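**Student:** Have a look at this one before I ask anything.
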Amino acid sequence: MKKDIKIEVPNDYSAVSLKKYLRLQKDLKAYEGDTKAQDAFLLWNLCGLTPEVTNKLDVETLTNITNDLRGFLNKNDFELQRIVEIDGKKYGFEPNLSKLSYGAYLDISSFETLSIDENWPTIMSILYREVTKERGALYDIKAYQGYTDEDTERWMNVGMDIHFGAFFFFNRILTDLSKGILNSLKEEALTEKHHPFIRTILEKSGEAINRLSSSQTKI
């Protein structure tokens with residue numbers, strides 16, 4: 001007796017959550033060089049197909065599914081989505097990165113690398129905060145007051161199209177901004193009129209910027 005099998009194949013990154021993506025990357029890295037094993041994990045992580053099920057599929061169907069998956073996995077042209085709705089609440093991307101609070105900046109720069117890994121949902125919870133006011137295309141978000149485990153976990157089920165959009169945008173802007181700030185710090189002439197702690201603050205800023213600038217920006 002034949003049994004129908006329903007297979008849901010994602011056709012873009014919006015259907016792939018950060019949780020699935022991180023799990024897939026971990027499996028692919030563990031079996032690097034083993035194409036057959038990697039294809040199996042691709043089918044399992046993105047389509048929920050176990051080896052038992054895939055063994056029952058004909059070659060043509062299996063090949064078509066794998067090709068469809070690999071087709072969008074190589075996509076990298078993502079736009080930043082400034083406002084994201086999660087569980088009925090709107091979260092806005094930091095409207096002006098040049099005015100990113102020092103606390104938020106230090107929390108982001110505490111990570112050794114800027115990449116989409118286990119630390120990325122924390123970075124997203126820092127960059128995106130709850131929207132407090134909207135005026136057309138303009139909006140305000142809550143002031144940064146640190147992050148919680150709940151804030152971080154919120155981003156695990158968000159689609160990778162949103163994560164990639166933020167990653168590429170933030171990485172590009174951060175690189176340009178870091179160069180500008182470092183040049184400004186080098187030219188800064190501190191006088192006796194400055195606050196006694198200003199020099200220490202600027203030195204810490206420079207160290208943080210250097211660490212982010214030299215970090216690996218990988219996917």
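Values quoted throughout were computed directly from the atomic coordinates according to the rules given, and no laboratory measurement underlies them. Keep in mind the model is a prediction, meaning the values are calculated, not measured. Heads up, the Cβs are rebuilt from the backbone with ideal geometry, glycines too, and the neighbour counts pull from every protein chain shown.
**Student:** Report, by chain and number, residues whose modeled amide H sits under 5 Å from the one on ILE116, excluding near sequence neighbours (fewer than 5 apart, same chain).
**Tutor:** LYS218
**Student:** Could I ask something else about it? Take the cross-link list LYS6/LYS26; LYS89/LYS142; LYS99/LYS142; LYS29/LYS75; LYS75/LYS99; LYS6/LYS75 and give me the ones stretching past 21 Å between alpha-carbons.
**Tutor:** Too far apart for the 21 Å limit: LYS6/LYS26; LYS75/LYS99; LYS6/LYS75.
**Student:** Tell me, what is the percent relative contact order of region 13-73, built from C-alpha pairs under 8 Å that lie six or more residues apart?
**Tutor:** Working: 27 pairs, mean separation 18.6, N = 61.
Reported as a whole number, the value is 30 percent.
**Student:** On a C-alpha basis, how far is the centre of region 135-160 from the centre of region 81-108 in Å? Whole number, if you could?
**Tutor:** Each part's Cα centre sits 6 Å from the other's.
**Student:** Which order, highest average first, do 111-124, 11-24, 72-85 follow once you tally other Cβ atoms within 10 Å for each residue and take the mean per peptide? The partial results should precede the final answer.
**Tutor:** On the way: 111-124: 18.6, 11-24: 16.7, 72-85: 13.4.
With the highest mean Cβ count within 10 Å placed first, the list reads 111-124, 11-24, 72-85.
**Student:** Just want to confirm a number: the relative contact order over region 126-172, from Cα pairs under 8 angstrom separated by 6+ residues, in percent.
**Tutor:** Relative contact order for region 126-172 comes out at 24 percent.
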